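The values are calculated or read from the model by the stated rules, or taken from the named source; none is laboratory data. Source: prediction; values computed, not measured. For neighbour counting, all protein chains shown are included, and Cβ atoms are generated from backbone atoms with ideal geometry for every residue, glycine included. Heads up: the accessible areas ignore ligands, DNA and RNA and are worked out on the full protein's heavy atoms, side chains in. Shrake-Rupley method; radii C 1.70, N 1.55, O 1.52, S 1.80 Å.
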Amino acid sequence: MDTIDRIELRTFTFEVDGLGLEGDAASTYNMVCRPGDRITVERYAVLLHSTGGLTGEYVTHWVGTRSAFEQTRTLAPLLLGRSTRDREWLFDEFKRELRQYDHMGHGALDIALWDLLGKECGCSVSHLLGRYRQRLPAYASTYHGDHSGRLNSPDAFAEFAEACYQLGYRAFKLHGWHEGEARREAENVLNLRRAMGDRMELMLDPACQLRTFADALYVGRACDEADYLWYEDPFRDSGVSAFAHKRLREKLKTPLLMTEHVRGIEPKADFLIAGGTDILRADPEYDLGITGAMKIGHLAESFGVDVEIHACGPAHRHCMAALRNTRYYEVALVGPGAANAVPPVYSCGYSDQLDAVGADGAFPVPEGPGLGVTYDWDFIKQHQTSETILSA
């Protein structure tokens, strides 16, 4: 049985034009479209080498923060000498190892293990999981609103939605302004429906920027009036209070999509059973890998509800391809004149940029062994900021 005998962890940076930072806490999660600005983004790559001569690879998208990387670096030595097939054992061990933290460093290692398994078996991850579909209907998921850029008014959001419609998208999700002003957010919700009519399904994600439960209720009633598909992470509990969202659900007709900020299968089950959400969130980067995301998808299915995969990436596509009870692939984050700030590291034509959508409004599931993508390691090494090498 092949074992893992060498691990490489590489951090690197890249620049994205047309983006700036805005808000009191100007973190990389407060990116806005701003012509003439440029931001530097840091991500990391994982390579798991086996005694059989194959390598499992994964380059992070939205999980690739410094805090997540340090957790990955903490867990990585536990893989040395283990069988390449021991994913469930490692899932259990890693979950305990990070019990005092947020588990965000777990996913990249698990995804690389799945890539390695696919290469060993000579088939794609989605085939290993049990493929349900090959094309993934997608929605455009916007950057936050801004004050001096290109999403600075309800009409600007509506114009961008129209541009996305013309590209082929039939669903569109708003991320509003960082101030969380309920009246402005509600007007944005209503204006977008007026502009798009019934041509697009619409969603709202305030990203926990609304200040109070009352604000969340006010904006939620606008979602009801505008017939939105879902309402996501509305206010400053940070998306983790099952009790508050149960109360919100009782007062609204728009389905709530929660648990992006709740890690792991057991807490998500608790949140669902407590009545805090209509739809579960899962993310193979955030939720303990492909192994964890599929457990969450099957949990949702066992309750007869849907799960929506958060964000985009090769692992996300393979998970969605193997789940019946999910609807849309999230092309996040996008805006006029600004690229999606995911790493430009693919040499095989893979893309999560806005214009990569097909005429059918969908994205393909990568073919080929493992994740089915080829990474540009020359680019990663040229932009590398650190390297950690571990050997058995």
Check your understanding: Given the Cα-Cα distance of D5 and E367 and 0.36 nm per residue of separation, how much length would full extension add, in nm?
Key -> 127.6 nm
**Study point:** Nonlocal amide H pairs with N340, under 5 Å, H built at 1.01 Å
**Key:** L354
Check your understanding: Once the Cα atoms of helix 107-121 and of the chain are each reduced to a long axis, what angle between those two axes, in degrees from 0 to 90 to the nearest 10, is obtained?
Key -> 60 degrees
Review point. Where the centroid of each part is defined by its Cα atoms, how far is segment 120-137 from segment 245-304 in Å?
Key: 23 Å
Check your understanding: How many nm separate the modelled label positions at E159 and S83, each set 7 Å beyond the Cα in the direction of the Cβ?
Key -> 6.0 nm
Practice item. For the chain, report the accessible area per residue in Å² (1.4 Å probe, heavy atoms, rounded to an integer). Key: 37 Å²
Review point. What length, rounded to one decimal in nm, is gained on full extension from Q166 through to T51, with 0.36 nm per residue of separation minus their alpha-carbon distance?
Key: 36.5 nm
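Determine the alpha carbon to alpha carbon distance for each of K173/K251; K95/K268; K95/K119; K95/K295 and list only those over 19 Å.
Numbers: K173/K251 22 Å; K95/K268 15 Å; K95/K119 25 Å; K95/K295 14 Å.
Going by Cα-Cα distance, K173/K251; K95/K119 fall outside the 19 Å limit.
Tell me, what is the percent relative contact order of the chain, built from C-alpha pairs under 8 Å that lie six or more residues apart? Don't skip to the end; give the middle numbers.
On the way: 894 pairs, mean separation 88.0, N = 392.
Relative contact order here is 22 percent.
GluC sites (Glu not before Pro), restricted to segment 315-392: which are DSSP loop and have at most 12 other Cβ atoms within 10 Å?
Values: sites: E330, E367, E387; in loops: E367.
The qualifying sites are E367.
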Point to revise | Modelled FRET efficiency - R0 51 Å, K381 with R247, Cβ distances, 0.05 increments | key: 0.50
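Could you give the size of the charge dipole of segment 185-318 about its Cα centre, using +1 on the Cβ of each K and R and -1 on the Cβ of each D and E, expressed in debye and rounded to the nearest 20? Intermediate results must be reported in sequence, preceding the final value.
Working: 16 positive and 23 negative charges, 38 e Å.
The calculation lands at about 180 debye.
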Review point. Where q = 0.20 Å⁻¹, what log10 of I(q)/I(0) comes from the Debye formula for segment 196-237, counting one point per Cα?
Key: -0.57
Practice item. Could you give me the percent of Cα pairs per 10 Å distance bin for the chain, shortest bin first, beginning at zero and ending with the bin that holds the maximum distance? Key: 5, 24, 34, 26, 10, 2, 0
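Would you calculate a helix-derived [θ] at 222 nm for the chain, using -39,500 (n - 2.57) for each DSSP H run of n ≥ 4 and dividing by the full residue count, to the nearest 500?
Working: 12 runs with 131 residues, N = 392.
The helix-only estimate for the chain comes to -10000 deg cm²/dmol at 222 nm.
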Practice item. Measure nothing fancy, just the Cα-based angle from helix 213-226's long axis to the longest principal axis of the chain, in degrees from 0 to 90, nearest 10. Key: 80 degrees
Exercise for review: Quick one: accessible surface of F303, probe radius 1.4 Å, all protein chains present, in square angstrom to the nearest 10.
Suggested key: 100 Å²
Point to revise | Vicinal HN-Hα couplings computed from phi for segment 185-196 (Karplus, 6.51 cos²θ - 1.76 cosθ + 1.60; Hz; Gly/Pro x) | key: 5, 5, 5, 4, 4, 6, 5, 5, 5, 4, 6, 9
Study note, to complete from the structure: Sequence order, segment 173-182: Karplus ³J(HN,Hα) from phi using 6.51 cos²θ - 1.76 cosθ + 1.60, θ = phi - 60°, Hz rounded, Gly and Pro as x, gives 10, 8, 10, x, 8, 5, 6, x, 7, 4
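May I ask you to list the trypsin sites (Lys or Arg not before Pro) in segment 270-361 that are in a DSSP loop and have at most 16 other Cβ atoms within 10 Å of their Cβ? Can you show the working numbers first?
On the way: sites: R281, K295, R317, R324, R327; in loops: R324, R327.
Of the trypsin sites (Lys or Arg not before Pro), the ones in loops of segment 270-361 whose Cβ has at most 16 other Cβ atoms within 10 Å are R324.
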**Study point:** Between helix 154-167 and the chain: long-axis angle, C-alpha atoms, 0 to 90°, nearest 10
**Key:** 50 degrees
Exercise for review: Report, in whole Å, the centroid distance computed from the Cα atoms of segment 308-367 and segment 212-236.
Suggested key: 26 Å
Exercise for review: Take every DSSP beta bridge with both residues inside the chain and express the antiparallel ones as a percent of the total, to the nearest 5.
Suggested key: 60 percent
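Ignoring ligands, DNA and RNA, what percent of the accessible area of the chain is carbon or sulfur (1.4 Å)? The partial results should precede the final answer.
Details: 7030 of 14660 Å².
Carbon and sulfur together cover 48 percent of it.
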Review point. What residues qualify as long-range amide H neighbours of E260, i.e. H under 5 Å apart, gap of 5 or more or another chain, H built at 1.01 Å from N?
Key: R281
Review point. In whole Hz, what ³J(HN,Hα) sequence does segment 356-371 give by Karplus (6.51, -1.76, 1.60; θ = phi - 60°), x for Gly and Pro?
Key: 7, 5, x, 4, 8, x, 10, 10, x, 8, x, 9, x, x, x, 6
